[in-house]
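Remarks on the structure that follows.
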Amino acid sequence: MLKAETLNQQSLLANYCRTGIKPELIGIKEENLYQYRRLVFNIALDTLETAYPITYSFLSNEQWSELTKRFFAEHKCNTTQVWRMPLEFYDYCKENNVAEQLQIPFLNDLLYFEWLELEVHTMDDIAYPSFQENGSWLQDQIVLNPEYKLVAFEYPVHTTAPTDNLEEKRGNYYFLIYREKESGNVQFLDLSMLHVFILENINDGNCLEKILIEANNLFQLNDMELLKKHAITFMEDLKHRQFILGFKN
């Protein structure tokens, strides 16, 4: 265990690295103090710029500089893993209404979208269920790649650059993000509400035929044959994309 005074000195130095407010430290050379802050802040800044390249490019230099300095000064990171610090940056922006302050209503969606790629790429491995390659799309239980997320946004940050008047496109948007089984690459796919309904029900263990009967009533499509054709085409595309693995044994 560290002595109380040693722990206090470490806390003072850490606080200085975050805020730039000089503390009373024992046995440290004044001329070296700035270098500690510079090195620590540069590591944090590089981590954020790497995690959020779109946001970093979109914001002005002044906006980005002020925001990162605020975050570093005001937020005491809880994670001991540097690569997870960007998630706390996203949480900080949400909790402190940064999007409203900067008058960028889609900022939270954009930050979360960029964080998701890192999160899914580095997520813990999930055991793949057993499956067989061939089966009936309508009757058999379909097996999905378990390493995925279905996400809902207010703004289409996953398909539209932030310079294209995103604030005028507020609505309901959905996308699938998953990690490929063989390569480990992260893939994105834009989805409709119908697609989300189908995938959520497949994940619950329902067969496609039952799902489509419910979807036909829920979405008032009134064309079961066309719906089946569309759904099977969607399933085949997802299998080609390595998101659908096959059929339950």
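The values are calculated or read from the model by the stated rules, or taken from the named source; none is laboratory data. Only a predicted model underlies this, so the values are computations on that prediction, with no experimental measurement involved. Please note that ligands, DNA and RNA were not included when accessible areas were found on the heavy atoms of the full protein model with its side chains. Shrake-Rupley method; radii C 1.70, N 1.55, O 1.52, S 1.80 Å.
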Under-21-angstrom lysine pairs by C-alpha in the chain, whenever the two are 8 or more apart or on separate chains: 19
Percent accessible area from carbon and sulfur atoms, the chain, protein chains only, probe 1.4 Å: 48
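Starting from the Cα gyration tensor of the range 40-178, take the square roots of the eigenvalues, sort them a ≥ b ≥ c, and report rounded, prolate or oblate (rounded when a/c is under 1.5, otherwise prolate if a/b is larger than b/c, else oblate).
On the way: a/c = 2.99, a/b = 1.63, b/c = 1.83.
Oblate.
From Cα pairs below 8 angstrom and at least 6 apart in sequence, can you work out the relative contact order of the chain, rounded to a whole percent?
Details: 272 pairs, mean separation 42.6, N = 249.
Once normalised by length, the contact order is 17 percent.
Determine the calculated [θ] at 222 nm for the chain from helices alone, applying -39500 (n - 2.57) to every DSSP H run no shorter than 4 residues and normalising by the residue count; nearest 500 deg cm²/dmol.
-16500 deg cm²/dmol
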Could you please state, rounded to a whole Å, how far the C-alpha centre of the range 55-70 is from the C-alpha centre of the range 201-249? 43
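State in Å² the accessible area per residue of the range 144-249; use a 1.4 Å probe, count heavy atoms of protein chains only, and round to the nearest integer. Spell out each step's value before the answer.
On the way: 5560 Å² over 106 residues.
Accessible surface, normalised per residue, equals 52 Å².
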Given the options V120, V143, V40, state which has the largest fluctuation in a GNM of the chain using a 10 Å cut-off (strictly under) for Cα springs. V40
